[in-house]
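Report on one structure; see the data block that follows.
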Amino acid sequence: MGINRKQLSNALRYIGVGVKRIPRVIKELKRKGFHFFGLVIPIIYLLGLNYTTFFTTQVGVWILGTISLLYFIWEQMRLNIPAMQEFCVRMYGGMMREKEKDRMNGVFFYLLGSTICVCFFHPLIAVSSMLFLIIGDFTAALVGISYGRTKIGNKSLEGSLAMFTVCWILSYIMFFNQNLAEHISFWGAISATLIELFNPSWIDDNLTIPILSAITMKYMTGRLGVDLPIYNNYI
C-alpha cells in the first residue's frame, strides 16, 4: 500500500521539516520524483555499452534524438491545440511548474541535454552529468525547501551544499577507478552546483546543468592528463 499524504506529513515532521514548509515539500516531491524516471536513460546507456555487442554511442544518439524529436512534436501539439492542452493538464498538470504550462517543459530540455551529452562526451562524463541533474538537482530542491535558511537569490546555501555533496559522491563512484578521480569529481560537482544556483531564468537548467558540467569534466580530464577507459562499443 502506498504512503498517504498524512503519513508523508508525519514523516516530514519527524525529520525536522517545519509544518509550514510541508505542503511545498510534498508538492516538490511529486514533481521532482517524476524526474527519477529519467534515470532510465543513463542506466540503459551504460548497460548497453557494457553488456551488448550492438549498442554504441551512435545508437544511443539516434534513439535519444528520435525520442527528443517526438517529444518536441508532442509539446508543440500541447501548446497549440486546446484539446491537447486540456488533456495534458488533466494528466500531469500538477507536476508542471506554472511557467511550463505555456512553454516547453523541462522534460524536453532534459532529453535534448542528454542527447548532446551522449553525442559529444565520454560515457562516464555523460552519465555523471545526467546524474547531477536527476539526483543532484532533486537534492538541492528538497533540502533547500525543507531546511533552507541562508538565502542566495531564490535558492539556499543548504540546498547547494547538499547538491554538491551528492554530485561529488555520484561522480566519484563513476570515476572511482580512474587516476585523479577526486579532482574530476570535485570540479564536476562544483560546476553543476554553481550552474543550478546561478542559472539565468531565460534558459532551462535541465539543459545547462548536464552540458556545462560535462564540459567542465572533459576539460579537467584533459588538463590532468587522465585517459578514460575505452569501452568495447564506445566509438
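The values are calculated or read from the model by the stated rules, or taken from the named source; none is laboratory data. Computed from a prediction, not measured in an experiment: that's the story for all the values here. Ideal geometry is used to build each Cβ from the backbone, glycine not excepted, and the neighbour counts take in all protein chains shown. The area values use the complete protein model at the heavy-atom level, side chains included, leaving out ligands, DNA and RNA. Shrake-Rupley method; radii C 1.70, N 1.55, O 1.52, S 1.80 Å.
Here is how the numbers come out for the structure above:
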read-out	value
Test: ARG90 is within 22 Å of the chain's Cα centre (by Cα) and either open to solvent by less than 20 Å² (accessible area, probe 1.4 Å) or not hydroxyl-bearing (Ser, Thr, Tyr) (or both)	no
Candidate set: the range 166-182, residues that are in contact (Cβ under 8 Å) with a residue 24 or more places away in the chain and more than 14 Å from LEU228 (Cα to Cα); chosen: the one least open to solvent (accessible area, probe 1.4 Å)	CYS167
Filtered residue count, the range 53-62, keeping only those that are within 20 Å of the chain's Cα centre (by Cα) and open to solvent by 80 Å² or more (accessible area, probe 1.4 Å)	0
Some residue of the range 124-138 being among the hydrophobic types (A, V, I, L, M, F, W, C), over 14 Å from the mean Cα position of the chain (by Cα) and open to solvent by 20 Å² or more (accessible area, probe 1.4 Å)	no
Considering residues of the range 18-54 that are assigned to a helix (DSSP H, G or I) and of a type in the set (Phe, Trp, Tyr) only, the residue modelled with the lowest pLDDT	PHE34
Helices (runs of 4 or more DSSP H) contained in the range 117-220 and holding at least 3 residues touching a Ser or Thr at 6+ places or on another chain (Cβ under 7 Å)	123-131, 157-174, 181-198
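Conditions (1) modelled with pLDDT of 85 or more; (2) open to solvent by 20 Å² or more (accessible area, probe 1.4 Å), marked per residue:
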| site | (1), (2) |
| --- | --- |
| GLY65 | yes, yes |
| ILE73 | yes, yes |
| ILE81 | yes, yes |
| ARG97 | no, yes |
| MET104 | yes, yes |
| PHE109 | yes, yes |
| SER114 | yes, no |
